[in-house]
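The values are calculated or read from the model by the stated rules, or taken from the named source; none is laboratory data. Quick caveat, the model's predicted, so the values are computed rather than measured. Note that each Cβ is placed from the backbone with ideal geometry, even for glycine, and that neighbours are counted across all protein chains shown. Side chains are part of the model used for accessible areas, which takes the heavy atoms of the whole protein and leaves out ligands, DNA and RNA. Shrake-Rupley method; radii C 1.70, N 1.55, O 1.52, S 1.80 Å.
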Amino acid sequence: AVLKKRLVKLVVNFLFYFRTDEAEPIGALLLEHCRITKEEENVFSISFVEEPERKYCFECASEEQCQEWIEALKRARY
């Protein structure tokens, strides 16, 4: 797995991701039918029912921030 630094922005039920030096998103994840899993300290992942082998991992600055993201993403996936 290759780790890349990205900025992310949650808008309704889309998680947009950006390169750190660009204003336009390079992609987006539609948070329907997704599974959000706590992986380890400060790390969670998003995977999808349709593509269980593909997993997006996110590392946060703190455990508190990680929990906040997990809760927000779970609310956004409807």
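The label point for Glu50 and the one for Arg35, both projected 7 Å from the Cα toward the Cβ, are 1.7 nm apart. Projecting label points 7 angstrom from Cα along Cα→Cβ for Val43 and Val12 puts them 3.3 nm apart. In the set (1) 43, 25, 18; (2) 58, 25, 24; (3) 30, 26, 26, the label that goes with Cα extents along the principal axes in Å computed for this structure is (3). Listed as lacking a disulfide-compatible partner in the chain: Cys34, Cys57, by the criterion of no other cysteine Cβ under 4.7 Å. In sequence order, the range 61-71 has phi-based couplings of 6, 8, 5, 4, 5, 4, 4, 4, 5, 4, 5 Hz under the Karplus curve 6.51 cos²θ - 1.76 cosθ + 1.60, θ = phi - 60°, and Gly or Pro positions carry x. Here Thr20 sits with roughly 80 square angstrom of accessible surface, probe radius 1.4 Å. Rolling a 1.4 angstrom probe over the protein heavy atoms with all chains in place gives the chain an accessible area of 73 Å² per residue. Only helices enter this figure: runs of n ≥ 4 DSSP H residues, each worth -39500 (n - 2.57), summed and divided by the residues of the chain, yield -6000 deg cm²/dmol at 222 nm to the nearest 500.
Normalised by the number of residues in the range 7-77, the average gap of Cα pairs under 8 Å and 6 or more apart makes the relative contact order 25 percent.
In a DSSP loop and with at most 13 other Cβ atoms within 10 Å, the GluC sites (Glu not before Pro) in the chain are Glu22, Glu32, Glu41, Glu50, Glu53. Computing FRET efficiency as 1/(1 + (r/R0)^6) for Glu63 and Glu24, where r is the C-beta to C-beta distance and R0 is 30 Å, gives about 0.45.
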